[in-house]
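Accompanying notes for the structure given below.
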Amino acid sequence: MLSRFFRSSYQSKYFTIGLAGIGATLCIFMIAQGAQFAPEYLGIMAPFGATMVILFALPNSPLAQPKNILGGHLLTTTIGLISLQFWDVTPLTMAVSVGVGVSLMMLTNTLHPPAGANPLLVLSINASWGFLLSPVLSGCLLIILFGWFYHNWVSRIGYPIKPTK
């Protein structure tokens, strides 16, 4: 009887919802903890919160795959940094940076909606080129590693999805 209760609980949508929330919590906590060990480490940025929604609520979505998380964040951050290098921060440069980022993610098949915020973030905080390495690259790699571990060992749904031919 107890076994049937646990089996039905594990298969309930509320269990899945709770597990996704726990996964997102643990992933962000792990990334944010980096500053405790290395004060110069900046591993967190707001768009990563939106990445958690896709990675933990929709892990089988093409938008949640490693190529999309890494490629989308790196590409759009680079667009923001290039814009910052050559132009003043204006509503037009912010808009064009986001538009170019969206188009390039689509062109390279690395669409990841949370990354659309990266040019705005880069331009808003006047980020340096080091921002591309930390928090963007380091954070993305930790997110992908955590997502792989979590979805293969905890939720057991498998990650990343295998491409279909």
* the chain - charge dipole about Cα centre, Lys and Arg +1 at Cβ, Asp and Glu -1, debye rounded to 20 -> 880
* Where in the chain are the helices, taken as whole DSSP H runs, whose Cα atoms extend 15 angstrom or more along the long axis and whose Kyte-Doolittle mean reaches at least -1.0? -> 13-37, 66-86, 91-107, 138-149
* **Candidate residues 105, 94: accessible-area rank, largest first, probe 1.4 Å** => 94, 105
* Asked: Residues of the stretch 101-165: accessible area per residue at 1.4 Å, in Å²?
  -> 56
* Put +1 on the Cβ of every Lys and Arg and -1 on every Asp and Glu Cβ in the chain; which of 146, 77, 128 then has its Cα farthest towards the positive end of the dipole? -> 146
* Asked: Quick one: how many Å² of residue 25 are accessible to a 1.4 Å probe, rounded to 10?
  -> 90
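Which of rounded, prolate, oblate describes the stretch 90-144, given a ≥ b ≥ c as roots of the alpha-carbon gyration tensor eigenvalues and a/c under 1.5 marking rounded, otherwise prolate only if a/b is larger than b/c?
Cα axes put the stretch 90-144 in the oblate bin.
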* Asked: For the chain, modelled as a GNM with alpha-carbon contacts under 10 angstrom, which of 34, 72, 18 fluctuates the most?
  -> 18
* Take the Cβ-Cβ distance between residue 82 and residue 46 as r, set R0 to 35 Å, and report the resulting FRET efficiency rounded to the nearest 0.05. => 0.95
* **Accessible area of residue 13 in the full protein assembly, 1.4 Å probe (Å², nearest 10)** => 130
* For the chain, average projected area of the Cα convex hull in nm² -> 11.5
* To do: Rank 12, 134, 97 by mean-square fluctuation in a GNM of the chain with C-alpha springs under 10 angstrom and give only the top-ranked residue.
  => 12
* Asked: Normalised by the number of residues in the chain, what is the relative contact order in percent for Cα pairs under 8 Å and 6+ residues apart?
  -> 27
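The values are calculated or read from the model by the stated rules, or taken from the named source; none is laboratory data. These numbers were taken from a predicted model, which means no experiment stands behind them. Heads up, the Cβs are rebuilt from the backbone with ideal geometry, glycines too, and the neighbour counts pull from every protein chain shown. Each accessible area value is taken on the protein alone, full model and side chains, heavy atoms only, with ligands, DNA and RNA left out. Shrake-Rupley method; radii C 1.70, N 1.55, O 1.52, S 1.80 Å.
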